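For reference, the structure discussed in these notes is given below.
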Amino acid sequence: MSDCEVIDEEIKEKIQNVVVFMCNECGQGSANTAGVARMAYEPAIRIVRVQCTGQIGPIQIMDALSNGADAVACVGCCIGACHFFNGNLLSMHRIKLMKKLFKELGYSDQFINQYTSRAAEGETAVGDFEDIVDRLTTAIKEEGTIKDEC
Amino acid sequence: MTIKEGKVKKTDTTEEESKEIDSEEPRIGVFVCHCGHNIAGTVDVAKVADYAKTLPNVVKAEHYMFMCSKPGVQMVKDSIKELGVNRTVVASCSKNQHGKTFARAIEEMGLNKHRHQQVNVREYCSWVHQKEKDKANQKAKQLVEAGVNRARKLEDVETRKVKTTKAALVIGAGIAGLRAAHDMAELGIPVYLIERESTIGGHMTRLNKTFPTLECPQCSISPLTNGVANHPLIELYTNAQVKNIDGSLGNFEVEFEIKPRYVKDNCTSCGECAEHCPVELPSEWDMGMSMRKAIYKAYPQAIPATYVRDKKNCIECNTCVNVCPVQAVDFSMQPETKTVKVGSIIVAAGYDEYDPTEIEPYHYNQEGYEDVITQLKLERMLSPTSLTNSEVLRPSDGKIPKNVVMIQCVGSRNDQVGNQYCTGVCCKFAIKNARIIKEMYPDTDVTICYIDIRTPGLNFEELYKSAQEIGVRFIRGRPSEIVRNPISGELRVIVEDTLSQTPLQLKADLVVLSAAMVPPEGIGPLGSKLHVLRSKEGFLKEFHIKMNPTLSSKGGIFLAGAIQGPKDISESVAHAGSAAALAAAPLVKGYIEKEMLIPTINYDLCVKCGLCKTVCAPAAIDIDENGIPSVNEVACKSCGMCMPVCPTGAIQLINFKDDQLLDEIIAVSGGGAVCE
């Protein structure tokens, strides 16, 4: 960890690409609703449309991180509301395991996260996006694992 | 099983031409929409289009005011005609909004509609980053690049027609099952209706009165039961249970076993056999409130009217065989197995009343506590055909009770027994029964101990009010215990009135437990035979709680009534009607259209681990005897959940393959982006 003081805004400025896998149902729906309501969020968010978050495996997550993504998140339907039954739960479980692996490898477990959203409420998606960036910022500040150049 | 009828929409291109396109290098056309100021106001569309031109395989990159307008769509069409563009990327609004417009346009030009890639730069970029134009520009470029990368490897997806079998199966002949079967038969669909019990009608026939209008349920349901029994298109099987179900939406094969009645169909229902039968048992249908013989008819109006022999309790004295005037009794009948082919299945297996035995403080079913009964037993006592002549009598001494206490939320809203849900109908039937008792015996005190009274809906609040006016006492509090005086045998209900914070001991001659509705016995094996998922409460899970509460987790299998969750009669009937309409649609149409957006399996990589089958919610992956998986293209719902579990990457969803996604991920991760 570096000794110099880091401001959250500076870190946020450096976050450029956050890959968010959003499912075709509530994920896409909520991001669209947020767009229609002009709810501003970090421009670093990059949305990738997938059928279901259950479709996202370690391959996709590692592909994104190794190609320069600052963080990866999966946004699916609410628990119990997955349009394909339990894809969101499968994904959640998978991400839990990956978080564990990341910790054991010495990285922050905040690089990957799973969220849920509701198609009817754009706030849910925006809240998720804000949380992704906030968590990543805190992780960078505390653990200094990426872009540590102050 | 599936019949291939080629593409649904006739396209202008002949097969040779489409093959030619496949062998060609991808030629991508990129079109960036201004959407008035919606996009162009934030994003420099000209720069984005210029940037798109520099990307590999892009032969045309344009920007235009309104891509969704007629000239805009014509631009897309012209590029296909003039420049031989074979994949299109339109950067405008969401896929839901105008994705279809462009997909249809390229389909008209002879390209497969799945070769269109929609990039959402409005909702995902310009509208939400209005204040950060530089970053929004950069993001738009990346999104367009991702779209181009994705378009490069897009494959054709076929749309197929699959013929459906024009017949349906309804499991359960309660009110929901009857309604669904009748509705479908009226649409001209042959229906096989199977029922586990020996009679049809389910729980509704047991009730005394239905709320809120205090109507006679037997009178309401009998036109339906008779209508179903006599409908030329409905084949009714009682004493039948599902053994095996194969197939998927449109084409199921169902095997079911019919247990023998030991009485042939020529039975005239005269009742001679039952009269002479020496064996007497408590009647299950009557909740033990009356006796039946070993050869019996559940209740006078039962349909089918044929008597049934209870083989387990029969002593085989052959009296019934000898007394039957038409020689209908036949002990040699054997169980029969029948296999039918159907297009849709409706599950209407209903519910069971919760058995309060496990709640020990209420001492239900224990010696000395005979006067603790459930609401369904009370209904049987009150019903016109009861042993008590519709009187409410204490089971212990046969006297009319002076104090009746009803306890709400027995088995529901109770974490200790594992049922968090509110059954939703107990308040209504308890109030209804309390009112009936109070009207019959004005001197009897009727008390309802409740946590919350829940009477939503038309006319229910009025019912509640009328019960209050007539003198039914309401106490807010969940009783902790029912205690019995060991000498006098008198029961007392211990409860705290939480509104006045007073501990009370209510004298009770009769305690009525408003037991919850729980999933019916045997739902586990039935659920696994159907390959449908169950909710954590044990009911069968609906596809989507709001948008599709009648479809199950598997296409072609629908839920009707209380099998999906606790429901009253009117809700069950509405639910069943919806299930019938949805189940009938593909059968009336005769075929289903299915986009073959399904996974393909690379058998060179497959290690036969079977993991793909374990995660497949619609059970669309079949594994043969050698352990080799195959995808049921009709049942598949294109979720792609099988992809990440495959240890070798052998199973890949078309157009969402690992390498196709990788290309898109590279662009959005910044790996391929050109930073200014």
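The values are calculated or read from the model by the stated rules, or taken from the named source; none is laboratory data. Quick caveat: nothing in here was measured; it's all calculated off a predicted structure. Please note: Cβ atoms are built from the backbone with ideal geometry, for glycine as well, and neighbour counts cover all protein chains shown.
The table that follows gives values for the structure above.
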{"read-out": "Criterion: of a type outside the set (Ser, Thr, Tyr), under 26 Å from B:Tyr362 (Cβ atoms) and surrounded by 13 or more Cβ atoms within 10 Å (Cβ to Cβ) - qualifying residue of B:Val532, B:Val518", "value": "B:Val518"}
{"read-out": "Residue list for the stretch B:525-561, filter: more than 12 Å from chain A (Cβ to nearest Cβ) and without any contact (Cβ under 8 Å) to a residue 12 or more places away in the chain", "value": "B:Pro525, B:Ser528"}
{"read-out": "Residue count for the stretch A:101-131, restricted to those that are in a helix (DSSP H, G or I), within 14 Å of chain B (Cβ to nearest Cβ) and surrounded by fewer than 20 Cβ atoms within 10 Å (Cβ to Cβ)", "value": "3"}
{"read-out": "Matching residues in the stretch B:603-662 - criterion: being touching a Pro at 6+ places or on another chain (Cβ under 8 Å), buried (at least 18 other Cβ atoms within 10 Å of the Cβ) and not in a loop (DSSP other than H, G, I, E, B)", "value": "B:Cys612, B:Ile621, B:Val631, B:Cys642, B:Met643, B:Pro644, B:Ile651, B:Gln652, B:Leu653"}
{"read-out": "Test: residue in the stretch B:453-469 that is of a type outside the set (Ser, Thr, Tyr), under 20 Å from B:Val372 (Cβ atoms), in contact with a strand residue (DSSP E or B) (Cβ under 8 Å, 6 or more places away or on another chain) and surrounded by 14 or more Cβ atoms within 10 Å (Cβ to Cβ)", "value": "no"}
{"read-out": "Test result for A:Ile45, under 18 Å from B:Val121 (Cβ atoms) and either of a type in the set (Val, Ile, Thr) or modelled with pLDDT under 90 (or both)", "value": "yes"}
{"read-out": "Filter result (without any contact (Cβ under 8 Å) to a residue 60 or more places away in the chain, more than 7 Å from every other protein chain (Cβ to nearest Cβ) and more than 19 Å from B:Gln660 (Cα to Cα)) within the stretch B:114-146", "value": "B:Asp134"}
{"read-out": "Residue within the stretch B:130-152 that is under 22 Å from B:Met67 (Cα atoms), assigned to a loop (DSSP other than H, G, I, E, B) and not assigned by TED's automatic domain parsing to the domain that holds B:Leu249 present", "value": "yes"}
{"read-out": "Pick from the stretch B:417-452, criterion touching a residue at least 24 places away in the same chain (Cβ under 8 Å) and among the small types (Gly, Ala, Ser), ranking: surrounded by the fewest Cβ atoms within 10 Å (Cβ to Cβ)", "value": "B:Gly424"}
{"read-out": "Residues of the stretch B:643-660 classified as more than 9 Å from chain A (Cβ to nearest Cβ) and touching a strand residue (DSSP E or B) at 6+ places or on another chain (Cβ under 8 Å), total", "value": "4"}
{"read-out": "Enumeration of residues in the stretch B:81-111 that are among the β-branched types (Val, Ile, Thr) and buried (at least 22 other Cβ atoms within 10 Å of the Cβ)", "value": "B:Val85, B:Thr88, B:Val89, B:Val90, B:Ile106"}
{"read-out": "Flag if B:Glu186 is away from chain A (no Cβ under 13 Å), of a type in the set (Asp, Glu) and free of Cβ contacts under 8 Å to residues at least 60 places away in the same chain", "value": "yes"}
{"read-out": "Single residue of the stretch A:41-63 satisfying the filter (assigned to a loop (DSSP other than H, G, I, E, B) and touching a residue at least 40 places away in the same chain (Cβ under 8 Å)) that is nearest to the other protein chains (Cβ to nearest Cβ)", "value": "A:Tyr41"}
{"read-out": "Qualifying positions in the stretch A:64-75 - part of a helix (DSSP H, G or I) and more than 7 Å from every other protein chain (Cβ to nearest Cβ)", "value": "A:Leu65, A:Ser66"}
{"read-out": "B:Ala180 away from chain A (no Cβ under 14 Å) and within 30 Å of B:Ile569 (Cβ to Cβ)", "value": "yes"}
{"read-out": "Selection within the stretch B:300-330 - closer than 26 Å to B:Leu387 by Cα, modelled with pLDDT of 90 or more and of a type outside the set (A, V, I, L, M, F, W, C)", "value": "B:Pro304, B:Thr306, B:Tyr307, B:Arg309, B:Asp310, B:Lys311, B:Lys312, B:Asn313, B:Thr319"}
{"read-out": "Test result for B:Gly288, under 31 Å from the mean Cα position of the chain (by Cα), of a type in the set (Gly, Ala, Ser), under 30 Å from B:Pro479 (Cα atoms) and assigned to a loop (DSSP other than H, G, I, E, B)", "value": "no"}
{"read-out": "Qualifying residue in the stretch A:12-28 (condition: out of contact with any Phe, Trp or Tyr (no Cβ under 8 Å at 6 or more places or on another chain), surrounded by fewer than 24 Cβ atoms within 10 Å (Cβ to Cβ), facing another protein chain (nearest Cβ under 8 Å) and acidic (Asp, Glu))", "value": "no"}
{"read-out": "Those residues of the stretch B:591-606 which are more than 11 Å from every other protein chain (Cβ to nearest Cβ), under 25 Å from A:Leu89 (Cβ atoms) and over 25 Å from the mean Cα position of the chain (by Cα), in sequence order", "value": "B:Ile601"}
{"read-out": "Residue in the stretch B:77-92 that is within 26 Å of A:Gln51 (Cβ to Cβ), part of a helix (DSSP H, G or I) and not small (Gly, Ala, Ser) present", "value": "no"}
{"read-out": "For B:Lys637: the one exception among (1) among the basic types (Lys, Arg); (2) within 11 Å of chain A (Cβ to nearest Cβ); (3) over 24 Å from B:Ala167 (Cα atoms)", "value": "(3)"}
{"read-out": "Test: residue in the stretch B:281-289 that is at negative phi, hydrophobic (A, V, I, L, M, F, W, C) and touching a residue at least 60 places away in the same chain (Cβ under 8 Å)", "value": "yes"}
{"read-out": "Leading residue by the ranking (surrounded by the fewest Cβ atoms within 10 Å (Cβ to Cβ)) among those in the stretch A:76-100 that are closer than 15 Å to A:Val50 by Cα, in contact with a strand residue (DSSP E or B) (Cβ under 8 Å, 6 or more places away or on another chain) and facing chain B (nearest Cβ under 7 Å)", "value": "A:His83"}
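One line per residue, one yes/no per condition, for (1) in contact with a Gly (Cβ under 8 Å, 6 or more places away or on another chain); (2) assigned to a loop (DSSP other than H, G, I, E, B); (3) of a type in the set (Ser, Thr, Tyr):
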{"site": "B:Tyr364", "(1), (2), (3)": "no, yes, yes"}
{"site": "B:Tyr369", "(1), (2), (3)": "no, yes, yes"}
{"site": "B:Leu376", "(1), (2), (3)": "no, no, no"}
{"site": "B:Gly398", "(1), (2), (3)": "no, yes, no"}
{"site": "B:Gln408", "(1), (2), (3)": "no, no, no"}
{"site": "B:Gln416", "(1), (2), (3)": "no, no, no"}
{"site": "B:Arg435", "(1), (2), (3)": "no, no, no"}
{"site": "B:Asp443", "(1), (2), (3)": "no, yes, no"}
{"site": "B:Gly457", "(1), (2), (3)": "no, yes, no"}
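To keep it simple, each residue is scored yes or no on (1) over 39 Å from the mean Cα position of the chain (by Cα); (2) assigned by TED's automatic domain parsing to the domain that holds B:Ala180; (3) closer than 28 Å to B:Ala562 by Cα; (4) assigned to a loop (DSSP other than H, G, I, E, B).
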site	(1), (2), (3), (4)
B:Pro479	no, no, yes, yes
B:Ile487	yes, no, no, yes
B:Ser500	yes, no, no, yes
B:Pro503	yes, no, no, no
B:Val512	no, no, yes, no
B:Gly524	no, no, yes, no
B:Glu542	no, yes, yes, yes
B:Lys546	no, yes, yes, yes
